[in-house]
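This report concerns only the one structure given below.
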Amino acid sequence: MGFNPGNIDGIFGPQTLGAVTRFQAQQGLNVDGMVGKATANALIREVSKPVNTTVTSPQAVSSFTPSRGLSITSRDIHNLACLIHGEARGEPFEGKVAVAAVALNRLDSKQFGNSLSEVIFQPGAFTAVSDGQFYLQPDASSYQAVEAALKGWDPTGGAIYYWNPATATNKWVWSRPIIKTIGRHVFAR
């Protein structure tokens with residue numbers, strides 16, 4: 001959106017503070033440099049707006065129509081690729097598609113938000129967003145996984161949750177019925 005927060009390093013430093021305050025001023029929000037509810041909602045609204053440019057990516061994924069009947073923007077495609085890259089880097093291709101499928105299943109369920117951006121940026125929903133890995137440059141296979149998921153491939157069988165059992169710290173997720181294991185992730189309803 002043109003607000004340079006500096007390097008994505010997990011530190012809320014002076015560049016990030018400047019980007020947040022400029023965004024708040026542009027949006028007519030209280031300029032305090034804190035990303036509270038009003039600022040977070042404004043960010044979600046901004047990233048949810050359709051954009052008229054095609055995503056610059058190693059893969060041209062804007063030439064297909066999603067089979068799910070969703071209205072998908074080029075920003076949505078890029079955000080899904082970022083989510084996949086941040087969450088499933090090093091996983092098999094099927095596992096990358098599964099991460100995208102979970103995000104799309106959450107959108108379909110209406111329990112997690114009314115837009116893909118709301119689903120992806122729901123506080124605490126995805127570790128990669130929380131820890132900054134979401135902001136890494138996605139690779140070609142991440143865009144290919146987006147395309148596969150948008151064309152209807154859901155290797156999870158309808159999952160709306162996933163986690164890595166070796167690193168999960170949230171005990172609640174274990175109460176969800178596990179559907180499938182793909183790579184290092186388990187997928188659940």
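Looking at Q137 and the list (1) in a loop (DSSP other than H, G, I, E, B); (2) within 14 Å of I77 (Cα to Cα); (3) in contact (Cβ under 8 Å) with a residue 60 or more places away in the chain, which single condition is not satisfied?
Condition not satisfied by Q137: (3).
Do we have L116 as modelled with pLDDT under 95, open to solvent by less than 70 Å² (accessible area, probe 1.4 Å) and closer than 23 Å to V35 by Cα here?
Numbers: modelled with pLDDT under 95: yes; open to solvent by less than 70 Å² (accessible area, probe 1.4 Å): yes; closer than 23 Å to V35 by Cα: yes.
The answer is yes for L116.
I want to confirm something. Restricting to the range 4-21 and keeping residues that are surrounded by 15 or more Cβ atoms within 10 Å (Cβ to Cβ) and within 24 Å of S74 (Cβ to Cβ), which single residue is modelled with the highest pLDDT?
Out of the qualifying residues, it is A19.
Inspect all residues belonging to the range 41-49 and state whether any of them is modelled with pLDDT of 80 or more and open to solvent by less than 40 Å² (accessible area, probe 1.4 Å). Step through it out loud before you land on a result.
As a first pass, look at the range 41-49 and keep what is modelled with pLDDT of 80 or more: 41-43.
Now drop any that are not open to solvent by less than 40 Å² (accessible area, probe 1.4 Å), which leaves 42.
So far as the range 41-49 goes, yes, one or more of its residues are modelled with pLDDT of 80 or more and open to solvent by less than 40 Å² (accessible area, probe 1.4 Å).
List the strands (runs of 3 or more DSSP E) that sit entirely inside the range 140-189 and contain at least 1 residues that are hydroxyl-bearing (S, T, Y), under 17 Å from the mean Cα position of the chain (by Cα) and farther than 16 Å from P92 by Cβ. Explain how you work it out, then say what you get.
On the way: elements: 161-163, 178-182, 185-188.
Once the strands (runs of 3 or more DSSP E) in the range 140-189 are filtered for at least 1 residues that are hydroxyl-bearing (S, T, Y), under 17 Å from the mean Cα position of the chain (by Cα) and farther than 16 Å from P92 by Cβ, what remains is 161-163.
Can you work out which of the residues in the range 139-181 that are open to solvent by 80 Å² or more (accessible area, probe 1.4 Å) and hydroxyl-bearing (S, T, Y) is nearest to V102 (Cα to Cα)?
Checked the range 139-181; the qualifying residue nearest to V102 (Cα to Cα) is T181.
Step by step: first the residues of the range 119-134, then only those that are part of a helix (DSSP H, G or I) and open to solvent by less than 10 Å² (accessible area, probe 1.4 Å), then the one that is farthest from R45 (Cα to Cα). Which residue is that? Working first, answer last.
So in the range 119-134, the residues part of a helix (DSSP H, G or I) come out as 119-120, 127-131, 133-134.
Checking the rest, the ones that are also open to solvent by less than 10 Å² (accessible area, probe 1.4 Å) come to 119-120, 128, 134.
Working: V119: 12, I120: 12, A128: 20, F134: 18 Å.
Taking the candidates together, the pick is A128.
The values are calculated or read from the model by the stated rules, or taken from the named source; none is laboratory data. All of these numbers come straight from a predicted model, not from anything done at the bench. Cβ sites come from the backbone with ideal geometry, for glycine too, and all protein chains shown count toward neighbours. Areas reflect the complete protein model, heavy atoms only, side chains present, ligands, DNA and RNA absent. Shrake-Rupley method; radii C 1.70, N 1.55, O 1.52, S 1.80 Å.
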